[in-house]
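Heads up, the thing below is written out as structure tokens.
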Amino acid sequence: MTVSETAGGRRELRKAQTRAEIRDVAQRLFAERGFDGVTSADVAATAGVAVQTVFNHFGSKEDLFFDGRTPWVDGLAAAVEDRVPGADPLDALREYLAADLERLFDQESRPANRHYIEVLGSSPALQDRERSLVETASSRLAEALLGAVPPESYAGESVRAEPVQARVLSQLAASLFLVAGRVLVLEHRQVVLDPAMDDAARESVRAVAAAALVMLEDALRGLARRSFGAPGAQS
């Protein structure tokens with residue numbers, strides 16, 4: 001390794017450390033003061049950096065708030081693209097989303113993380129950004145699903161899919177899984193924030209989540225059979 005390569009590696013490490021420090025400071029301030037009660041200048045001053053340094057790493061306050069908290073934006077598409085060879089794309093998608101929802105439910109149920117959903121619930125700007133992230137994830141997932149199956153097969157069914165049909169069903173599958181996930185997360189947050197709710201209520205959401213994802217996958221397979229004229233499809 002050359003001197004320049006070593007120096008470059010150190011610079012990248014310092015940049016990563018600075019980014020993480022800014023993010024951690026910002027998220028702590030958001031928890032203490034609320035999202036609207038913190039400015040980029042506040043973050044910079046507390047982190048001991050210039051305001052421009054904050055913007056060198058993060059394009060907006062919303063980016064700071066969500067940084068490190070939304071692995072599903074890329075993770076859903078990656079679950080389809082990086083699945084085990086021969087594995088069914090919808091199976092891979094459902095398994096990833098089920099595991100991610102469990103992780104999120106556990107995380108947001110902890111008292112230490114209550115501030116996260118309180119701050120998010122009180123900020124229209126953050127809610128708008130979260131909806132935008134869902135749309136981004138849905139678009140990436142639709143592309144992954146479309147590229148994951150050959151023209152003669154869809155959702156594990158032996159079908160003859162026209163390009164337009166395959167594209168529409170890929171977009172529909174992505175949207176339905178993302179919308180289902182968002183509905184479940186929002187309901188779980190309401191349960192967590194409601195002092196009248198108990199562990200049984202949270203477990204009810206988990207049970208619905210597990211059943212809903214399985215039924216959604218089955219429904220999409222049935223739609224593929226009906227849409228593409230697979231053998232045995234109902235007329």
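The values are calculated or read from the model by the stated rules, or taken from the named source; none is laboratory data. Just so it is clear, the structure is predicted and the values come from calculations on it, not from any experiment. Please note: Cβ atoms are built from the backbone with ideal geometry, for glycine as well, and neighbour counts cover all protein chains shown.
Here is how the numbers come out for the structure above:
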| item | result |
| --- | --- |
| When residues of the stretch 25-67 are limited to those that are of a type outside the set (A, V, I, L, M, F, W, C) and assigned to a loop (DSSP other than H, G, I, E, B), the one farthest from residue 108 (Cα to Cα) | 48 |
| Filter result for residue 96 (of a type in the set (Phe, Trp, Tyr), modelled with pLDDT of 95 or more and more than 24 Å from residue 18 (Cα to Cα)) | yes |
| Some residue of the stretch 102-124 being farther than 24 Å from residue 214 by Cβ, among the small types (Gly, Ala, Ser) and outside any loop (DSSP other than H, G, I, E, B) | yes |
| Index of the failed condition, residue 152 passing every other in (1) in contact with a strand residue (DSSP E or B) (Cβ under 9 Å, 6 or more places away or on another chain); (2) at pLDDT 95 or above | (2) |
| Sole exception among (1) buried (at least 16 other Cβ atoms within 10 Å of the Cβ); (2) without any contact (Cβ under 8 Å) to a residue 24 or more places away in the chain for residue 103, by number | (1) |
